[in-house]
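Please find one structure pasted underneath; my questions will follow.
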Amino acid sequence: MQPTVARWKNLGARRDLLWWLLPVAATVYVVAKLWAAGEYERIDFHIYFDAVRGWKPDSIYDYHHPEMGLGFTYPPLAALVLAPLTLVPFDIAEKLWLIVGAAASLAFLLLTATNLPVRPTWKPTVPVLVAVGMLTTPVFLTLRLGQINALLSLAVLADVVVVRRRFAGALIGLSGAVKLTPMYAVLYFAAARRWRSVAVAFASFGACSIAAWAWFPEDSVRYWTVELFATDRVGDLASGYSNSIRRIIELAPFATGVRTAIWVVASVAITVVVVRRARVALDRSNRLAAITIVMCGGLAVAPITWSHHLYFMLPALFLLIGSGASMARNLWAAGLFYLLVETADPGQDATWTFGRIVALLLIVAFLPIDDGPIESVNSDGRGAARLLRVQRAGEVLGR
């Protein structure tokens, strides 16, 4: 009888392992579908490549796509990071960038899955979610455009859940020097009262920016004094494609200065909620929920948030489902999934993007925060200690 039970257990383990072929298949499908994307479909990578390759003798910020008119909008360090790609022919560089982006997207989702505080009772749920995540708008649009969001999102998440404590913050600082928005993740360490990590993040940001200045001195001065404030280079603040609260505020019938003031006040209020909610998550040893709340708050308050920026809405989908036992949470997750999947022209539907603005705010304010494992001490050590005290008190009362 015992050998029979063992055989059934082994069969079940093999069956569970086979489910993990789904994320691999989804990744291959997306790469194959986008392998032969045209120039306009992969427009962002064309801008990266052409601007970085031809920056001398002019400024990299003088580059404009000959037909679309779009230019290079990132800090100078981004040009330095992307420069190695220009050493190979464009066709090869484009395919390499697609593969790297797909691999980074898959790694981001797998890292999310391995850090869930509560796992669904039906084991195939997690690999199915990872596979579905590869088909969502943020991932698909990032890969189609040739954007850099997958790498930056992976770096931020890894800094929180993988990097050793003494070096924590370095990847966030590096990511912020490549593209400013990831620096909002510093609020995770502030919520945890990990001031060393906050200092490391800013030191990393400063060191990387100085390195870029040494390579691109004139462009660095131009970016930090002029281009940083030229929001029209990025897009229209009222664009129907933006997932930021700024888009809604821009519809108000007030002067530009008044709208800006409203946005600043709203951003501060959202940030206060972000820090408080992240602190609750950390007190419950739930690092994934904490960084998800922080980054979704950052996406909501950024002046412009395109649909391919929304990587951290994907961990929110995982966290919403939790154990899968709550019908209410499953329905919320289904609604979020609906907003994250556009079958026609992803990221270009004003109704979908408006829905995602609301979803970002709901995630910040109401994302369920499950208790993490008791042995997983959070960033400041207090969360697990409090849980342990509550657990012990419960044991005493139960005797």
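The values are calculated or read from the model by the stated rules, or taken from the named source; none is laboratory data. In this text, all values refer to a predicted model and were calculated from it rather than measured experimentally. So basically every Cβ, Gly included, is an ideal-geometry build from the backbone, and we count neighbours across all protein chains shown. Heads up: the accessible areas ignore ligands, DNA and RNA and are worked out on the full protein's heavy atoms, side chains in. Shrake-Rupley method; radii C 1.70, N 1.55, O 1.52, S 1.80 Å.
Within segment 332-352, track down each residue that is open to solvent by less than 40 Å² (accessible area, probe 1.4 Å) and over 20 Å from ALA365 (Cα atoms).
GLU342, PRO346, GLY347
Report yes if ALA230 is more than 30 Å from ASP371 (Cβ to Cβ) and surrounded by fewer than 16 Cβ atoms within 10 Å (Cβ to Cβ), otherwise no. Show your work before the answer.
On the way: more than 30 Å from ASP371 (Cβ to Cβ): yes; surrounded by fewer than 16 Cβ atoms within 10 Å (Cβ to Cβ): yes.
For ALA230, the condition - more than 30 Å from ASP371 (Cβ to Cβ) and surrounded by fewer than 16 Cβ atoms within 10 Å (Cβ to Cβ) - is met.
So how many residues does segment 189-210 have that are open to solvent by less than 40 Å² (accessible area, probe 1.4 Å) and either outside any helix (DSSP H, G or I) or without any contact (Cβ under 8 Å) to a residue 12 or more places away in the chain (or both)?
Residues in segment 189-210 being open to solvent by less than 40 Å² (accessible area, probe 1.4 Å) and either outside any helix (DSSP H, G or I) or without any contact (Cβ under 8 Å) to a residue 12 or more places away in the chain (or both): 2 in total.
What's the number of the only condition in (1) under 24 Å from ALA32 (Cβ atoms); (2) touching a Phe, Trp or Tyr at 6+ places or on another chain (Cβ under 6 Å) that GLY173 fails to meet?
Exception for GLY173: condition (1).
Still on this structure, please answer the following. Report the residue count in segment 161-175 for those that are open to solvent by less than 10 Å² (accessible area, probe 1.4 Å) and closer than 15 Å to ALA290 by Cβ. It would help to see each step written out before you state the result.
Taking segment 161-175 and keeping what is open to solvent by less than 10 Å² (accessible area, probe 1.4 Å), we get 168-169, 172-173, 175.
Filter once more, so that each one left must be closer than 15 Å to ALA290 by Cβ: 168-169, 172.
Adding up the residues that qualify gives 3.
State whether one or more residues within segment 11-20 are within 25 Å of SER105 (Cβ to Cβ), modelled with pLDDT under 85 and outside any loop (DSSP other than H, G, I, E, B).
As a first pass, look at segment 11-20 and keep what is within 25 Å of SER105 (Cβ to Cβ): 16-20.
From the residues that got through so far, the ones that are modelled with pLDDT under 85 too are 16-17.
Within this subset, residues satisfying the condition of being outside any loop (DSSP other than H, G, I, E, B) are 16-17.
Yes.
Follow-up. Among the residues of segment 42-90, how many are over 23 Å from the mean Cα position of the chain (by Cα), closer than 16 Å to TRP213 by Cα and at pLDDT 85 or above?
Qualifying residue count, segment 42-90: 4.
How do the pairs read when you match residues in segment 348-361 that are aromatic (Phe, Trp, Tyr) with residues anywhere that are open to solvent by 50 Å² or more (accessible area, probe 1.4 Å), using Cβ under 8 Å and keeping only pairs 6 or more apart or on different chains?
PHE354/ILE248
If you don't mind, there's one more thing I want to ask. Can you pull out every residue in segment 233-266 that is among the polar types (S, T, N, Q) and buried (at least 19 other Cβ atoms within 10 Å of the Cβ)? Steps first, answer last, please.
Kept after step one, since they are among the polar types (S, T, N, Q), are these residues of segment 233-266: 239, 242-244, 256, 260.
SER242, ASN243, SER244 - these are the residues of segment 233-266 that are among the polar types (S, T, N, Q) and buried (at least 19 other Cβ atoms within 10 Å of the Cβ).
Pairs please, first residue from segment 167-188 and within 16 Å of ALA278 (Cβ to Cβ), second anywhere and among the β-branched types (Val, Ile, Thr) and surrounded by fewer than 23 Cβ atoms within 10 Å (Cβ to Cβ), Cβ atoms under 6 Å, 6+ apart in sequence or on different chains.
These pairs meet every condition: VAL186/VAL198; LEU187/VAL275.
If you check VAL280 against the conditions, is it without any contact (Cβ under 8 Å) to a residue 24 or more places away in the chain and part of a helix (DSSP H, G or I)? Please lay out each step first, then the result.
Working: without any contact (Cβ under 8 Å) to a residue 24 or more places away in the chain: no; part of a helix (DSSP H, G or I): yes.
Criteria not met by VAL280.
Could you list all residues from segment 244-262 that are free of Cβ contacts under 8 Å to residues at least 24 places away in the same chain, closer than 17 Å to VAL301 by Cβ and not in a loop (DSSP other than H, G, I, E, B)?
ILE249, ARG259, THR260, ALA261, ILE262
For SER285, are the conditions met, namely being free of Cβ contacts under 8 Å to residues at least 40 places away in the same chain and surrounded by 17 or more Cβ atoms within 10 Å (Cβ to Cβ)? Quick ask: steps written out before the conclusion?
Working: free of Cβ contacts under 8 Å to residues at least 40 places away in the same chain: no; surrounded by 17 or more Cβ atoms within 10 Å (Cβ to Cβ): yes.
Here the answer is no, as SER285 does not meet what is asked.
Run down ARG246, ARG194 and say which single residue is under 22 Å from the mean Cα position of the chain (by Cα), of a type in the set (Lys, Arg) and closer than 30 Å to ASP283 by Cβ. Please lay out each step first, then the result.
Values: ARG246 fails: closer than 30 Å to ASP283 by Cβ.
Checking each option against the conditions leaves just ARG194.
Might you let me know whether segment 91-102 holds any residue that is open to solvent by 20 Å² or more (accessible area, probe 1.4 Å), touching a Ser or Thr at 6+ places or on another chain (Cβ under 6 Å) and in contact (Cβ under 8 Å) with a residue 60 or more places away in the chain? Steps first, please.
Taking segment 91-102 as the starting set, the residues that turn out to be open to solvent by 20 Å² or more (accessible area, probe 1.4 Å) are 91-92, 95-97, 99-100.
Those left that are additionally touching a Ser or Thr at 6+ places or on another chain (Cβ under 6 Å): none.
There is no residue in segment 91-102 that is open to solvent by 20 Å² or more (accessible area, probe 1.4 Å), touching a Ser or Thr at 6+ places or on another chain (Cβ under 6 Å) and in contact (Cβ under 8 Å) with a residue 60 or more places away in the chain.
Related question: One residue is enough: does segment 53-71 have a residue meeting the conditions touching a Ser or Thr at 6+ places or on another chain (Cβ under 7 Å) and more than 21 Å from LEU171 (Cα to Cα)? First the steps, then the outcome.
Narrowing segment 53-71 to residues touching a Ser or Thr at 6+ places or on another chain (Cβ under 7 Å): 53.
So of that shortlist, the ones also more than 21 Å from LEU171 (Cα to Cα) come out as 53.
Scanning segment 53-71, I find at least one residue that is touching a Ser or Thr at 6+ places or on another chain (Cβ under 7 Å) and more than 21 Å from LEU171 (Cα to Cα), so the answer is yes.
Conditions (1) hydroxyl-bearing (Ser, Thr, Tyr); (2) out of contact with any helix residue (DSSP H, G or I) (no Cβ under 9 Å at 6 or more places or on another chain); (3) assigned to a helix (DSSP H, G or I); (4) in contact (Cβ under 8 Å) with a residue 12 or more places away in the chain, marked per residue:
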residue: GLY38; (1), (2), (3), (4): no, yes, no, no
residue: PHE49; (1), (2), (3), (4): no, no, yes, yes
residue: ASP58; (1), (2), (3), (4): no, yes, no, no
residue: GLY69; (1), (2), (3), (4): no, yes, no, no
residue: PHE72; (1), (2), (3), (4): no, no, no, yes
residue: ALA104; (1), (2), (3), (4): no, no, yes, yes
residue: ALA113; (1), (2), (3), (4): no, no, yes, yes
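Would you check if there is a residue in segment 119-126 being open to solvent by less than 30 Å² (accessible area, probe 1.4 Å) and in a helix (DSSP H, G or I)? So that I can check it myself, show each step before the final result.
If we filter segment 119-126 for residues that are open to solvent by less than 30 Å² (accessible area, probe 1.4 Å), which is where we start, we get 120, 124-126.
When the remaining residues are screened for being in a helix (DSSP H, G or I), the result is 125-126.
Yes; the residues of segment 119-126 include at least one that is open to solvent by less than 30 Å² (accessible area, probe 1.4 Å) and in a helix (DSSP H, G or I).
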